[in-house]
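Beneath this line is the structure, given in structure tokens, with notes to follow.
Throughout, read-outs are computed from the coordinates displayed, never taken from laboratory work. Computed from a prediction, not measured in an experiment: that's the story for all the values here. Cβ placement follows ideal geometry from the backbone for every residue including glycine, while neighbour counts extend to all protein chains displayed.
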2 protein chains.
Amino acid sequence: MQTVDLARFVVETPDDAVPLEALQRARDAVIDTIGCAISGAAEQPALIARRYVQSIKAAANTVVWGSALRTAPAEAAFVNAISGHALDFDDSLPSLRGHPSVPLCAAGLAAAPQALSGRAFLSAFVLGLEVAGKLGRALGHGHYMRGWHITATVGTFSATCMTGRLMSLDEGQLRNALGIAAAETAGLVRNFGTMAKSFQAGHAARSGYIASWLAREGFTGDDNILDRPGGLIAAYGDEHSTLNVPPFADPWEIFEPGIYVKRWPCCYGNHRGLAGVFELVQKHGIEASDIVEINVGFLPDADKALIHRNPQTGLEAKFSIEYCAAAAVIDGRVTLDSFAEAAVHRPQVRALMEKVRRVPMPGQGSFSGVVGYTDVEIVTHGGRFSTRIEHTPGSPEAPMTASDRRDKFLGCTQSVLGTDRAERLLSALEGLIGAADLREIIELIVPAQEGAVA
Amino acid sequence: MQTVDLARFVVETPDDAVPLEALQRARDAVIDTIGCAISGAAEQPALIARRYVQSIKAAANTVVWGSALRTAPAEAAFVNAISGHALDFDDSLPSLRGHPSVPLCAAGLAAAPQALSGRAFLSAFVLGLEVAGKLGRALGHGHYMRGWHITATVGTFSATCMTGRLMSLDEGQLRNALGIAAAETAGLVRNFGTMAKSFQAGHAARSGYIASWLAREGFTGDDNILDRPGGLIAAYGDEHSTLNVPPFADPWEIFEPGIYVKRWPCCYGNHRGLAGVFELVQKHGIEASDIVEINVGFLPDADKALIHRNPQTGLEAKFSIEYCAAAAVIDGRVTLDSFAEAAVHRPQVRALMEKVRRVPMPGQGSFSGVVGYTDVEIVTHGGRFSTRIEHTPGSPEAPMTASDRRDKFLGCTQSVLGTDRAERLLSALEGLIGAADLREIIELIVPAQEGAVA
């Protein structure tokens, strides 16, 4: 894959070359992403980012999801992606080792003409996701291990491709846009557990939009930025990075490995462990007071994103198996409320956290919350119980049901939009493949005027 | 140097701890930078960036240099830094291996209250420059060699420090701002010779402003982002990078190594070579038609930034010793006009370019346009002439005179502002140390209404 091949693929693939099933999966990803974002719009990073956008008083031509604010497209892309990622409830792609849909949706909806058909929008999404997965494969595990937040770094490029397609860039313009994108590509894992993590997604979405906008107007960047010494792969990758990756769309990334949808609003690195804890607690009727030890197994690198062992804030707690496992036992569930700051400091939870241990498991290669399996063992005064979670919750092998997805969307959006509007938005999104344009969705994605929040 | 030390230094150093001579040097750097920017405002990257800013219709509370446009501070920082770097005529700092003043001035003037004193502004500039040099030393040559455009990467942090000080961040807020800055830090050498190079400076200035703004409002980032595994130095550096650098202000970076001011509007990597060519041609009366060979010596890495051997555009030609040396001989000077696209394609120049060769010179370490010396040899039909340029033109050892500086500033600004206004602006900037506030400068830095250009 050279820069020129990537640009040509994004620009030249006709909408009708994208299979219907890919569009259906893309539609489901868009529903999940917008749900997470509407809920996340009430979080501190989104609130502060909205204050920033309000301060610059940009043209009010695009909606800011889950709020009454309108602004210019790049600013909307920025805030909406922050909202989408603030709860760490948004989806993942194993080949990316990150979250693909938030930068795509946020930049894409900001760039899309309102008159665009749902099919054209979803086709651009599928192509952007394809770029995300292929660039993730190209950079390889070394990129993440060196400290890069690939959701943001690769997200800048996938967002550039989606906006570039929606702005009808030609191949040469898109190649320039990719060079400009490389001038903005950033994001570090070290910011996990702070607001800067969602900022990084916002920055990617905004950067992708700006790169395409400028390139359309004749701005230039290096037009082979992926390949050759000193290019993206060389600067951000390691000695194993390679552009020799599987061809585009054969199979599509949206089919293989497919998108993983989160059941719990925390880092995916916790999810298999959480599934194991829930299974054991329920099956064996384990009480917190009985527990001597909770041992969570991690294959190599699988807890790399879980950078907090002693979290002090809700955001930090999302990157802590110690907290997540303890809260799961105490509460019997993990929800948005689990990550309120007060919840993190509950003495009963803190006491149980002391009993959670990370256990290295042998394995060849690099694993993550979406690649591999997890052994969980709970030792109680009465016995020792263990299980192996083979399939990541929300993966194609252990998918959320239609009802699970619906519950997640409504759970995320009802309190912001009201029940009626949330259901109307869901219904509109479910019909996206056949939608003649994006108007209804854009209208419903914000609260009705009377109940509007800024 | 840990993150906490850096933040404390930037926040706690009193204005009057900055020596008068440092303020004088800072003032000269500000004059040079604003001159370059006003001239650069007419270049394509600046024109397109202004169209972008116009499209978002942000609040008109800050000036865009050299134009009639007003916009919000972050947008102004973005465009002004693009203007400042578009001609590659702006100054350099050897310890940074890049251009320090453009991101500082662009972000700083956008963040500064109009009522700020000249001394407070210049003190913040000196502190920002100090951070640029120390972080440049910390990252080391490997950063640049891997492909990073350090003007932009470190520029994001120096801009954050300057804006953070001007926004009166406390130590904790500035530490968060540095984490946010790391979420935006980007820029690749591969974009040299394209508009994305100046974009990278614009991105740094804008990012620094936004990082400080958000941190002031309570946005969080990793608050030790420089140090520890996965931090800035680890992700962007190499195995030689270290935070074990000389202490702040002992001596000040603005004294040692000091700022290098460009005499010619092209990459500094050409300058010692150009000085040698001019010396030989003038001393020996060499004509282009006599020349058999022009041999320009480069110590290790010293031509790393000169990435174009066969430039096709004016921007590419700025990174080509082949073009610069040939144009210098043919024209007897190197000016802004040398980098018009038509100039680059002149058959007489192209023919002479064929005779320019890069000659590796032995040396220990890593050199650049501002570190090292250069041997130049011109072989003619009548003889062989050579010289060694020991001191980089515009360096403290071979400084521009006051008259050179004045000529450069007026040459850059008269055609945009008119002679009278250019001279008034120069006079106001010369009095910056004693200025009670920044109002006069801010007013004069844009064309008078009647002659305004957007």
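Among the residues of B:163-171, the average count of other protein chain beta-carbon atoms within 10 Å of the residue beta-carbon is 0. Placing unit charges on the Cβ atoms only, positive for Lys and Arg and negative for Asp and Glu, gives region B:268-389 a dipole magnitude near 140 debye about its Cα centre.
With a 10 Å cut-off around each Cβ of A:230-239, the average count of Cβ atoms from other chains is 4.
Considering only alpha-carbon pairs that sit under 8 angstrom and 6 or more positions apart, the relative contact order computed for chain A is 20 percent.
Classify region B:262-346 as rounded, prolate or oblate, taking a ≥ b ≥ c as the square roots of the eigenvalues of its Cα gyration tensor: rounded when a/c is under 1.5, otherwise prolate if a/b is larger than b/c and oblate if not. Here region B:262-346 falls in the oblate category.
If R0 equals 45 Å, the separation of the Cβ atoms of A:D290 and B:D5 corresponds to a calculated FRET efficiency of about 0.40.
Note that region B:3-258 carries a Kirkwood radius of 17.5 Å, evaluated over its alpha carbons pair by pair.
Just going by the charge dipole of chain A, with Lys and Arg at +1 and Asp and Glu at -1 on Cβ, which of A:G172, A:V63, A:A428 is farthest out on the positive end? With unit charges placed on the Cβ atoms, the residue in question is A:V63. Rounded to the nearest 10 degrees, the inclination of helix B:150-166 to the longest alpha-carbon principal axis of chain B is 30 degrees.
With the cut-off at 1.5 for a/c, could you classify the protein assembly as shown from its C-alpha gyration tensor as rounded, prolate or oblate? Prolate, because a/c is 1.5 or more and a/b exceeds b/c. For region B:1-147, evaluate the Debye formula with one uniform point scatterer on each Cα (no solvent term) and list log10 I(q)/I(0) at q = 0.09, 0.15, 0.16 Å⁻¹, rounded to two decimals. For region B:1-147, the Cα-only Debye profile gives -0.30, -0.83, -0.92.
DSSP assigns beta bridges within region A:268-389; of those with both partners inside it, close to 70 percent run antiparallel. Among the trypsin sites (Lys or Arg not before Pro) in region B:300-355, those located in a DSSP loop and surrounded by at most 13 other Cβ atoms within 10 Å of their own Cβ are B:R333. Here the calculated FRET efficiency for A:E354 and B:K283, from their Cβ-Cβ distance with R0 = 56 Å, stands at 0.10, rounded to the nearest 0.05.
DSSP assigns beta bridges within the protein assembly as shown; of those with both partners inside it, close to 75 percent run antiparallel. Available extension along the chain between B:A340 and B:D238 is 32.9 nm, counting 0.36 nm per residue and deducting the alpha carbon span. Among the listed pairs A:K134/A:K262; A:K134/A:K318; A:K57/B:K197, a Cα-Cα separation exceeding 24 Å is found for A:K134/A:K318; A:K57/B:K197. Highest mean packing first, where packing is the average number of other Cβ atoms within 10 Å per residue, the peptides B:145-156, A:80-91, A:392-403 line up as A:80-91, B:145-156, A:392-403. With the gyration tensor restricted to C-alpha atoms of region A:285-324, the semi-axes of the equivalent ellipsoid amount to 21, 15, 7 Å, longest first. Against the main long axis of the alpha-carbon atoms of chain B, helix B:402-417 sits at an angle near 80°.
Taking the charge dipole of the protein assembly as shown about its Cα centre, with +1 at Lys and Arg Cβ atoms and -1 at Asp and Glu Cβ atoms, the residue from B:A42, A:S320, B:I307 reaching farthest to the positive side is B:A42.
Take A:Q114, push a point 7 Å out from Cα through the beta-carbon direction, and compare it with the same point in every other copy: 3.7 nm, smallest first. In nanometres and ascending order, the distances from the B:N310 label point to those of the other copies are 6.1 (point 7 Å from Cα along Cα→Cβ). Mean per-residue shielding of peptide B:137-149 is 1, counting Cβ atoms of other chains within 10 Å of each Cβ.
Placing +1 on each Lys and Arg Cβ and -1 on each Asp and Glu Cβ, with no other charges, gives the protein assembly as shown a dipole about its Cα centre of roughly 200 debye. Sorted on the mean count of surrounding Cβ atoms within 10 Å across their residues, most packed first, peptides B:409-415, B:323-329, A:8-14 read B:323-329, B:409-415, A:8-14.
Mean silhouette area of chain B, derived from the convex hull of its C-alpha atoms and averaged over all directions, reads 20.0 nm². Each label was represented as a point 7 Å from its Cα along the Cα-to-Cβ direction; for B:R228 and B:A436 these points are 4.8 nm apart. Given R₀ = 51 Å, what would the calculated FRET efficiency be for A:H391 paired with B:A60, taking r from the Cβ atoms and rounding to 0.05? Between A:H391 and B:A60 the formula returns 0.35. Over the residues of chain B, the helix contribution to mean residue ellipticity at 222 nm works out to -15500 deg cm²/dmol, using -39500 (n - 2.57) for each DSSP H run of at least 4.
Label reach from A:S415 (point 7 Å along Cα→C-beta): in region A:35-69, amide nitrogens under 17 Å belong to A:35-47, A:66-67.
Counted over chain B, the DSSP beta bridges are approximately 75% antiparallel.
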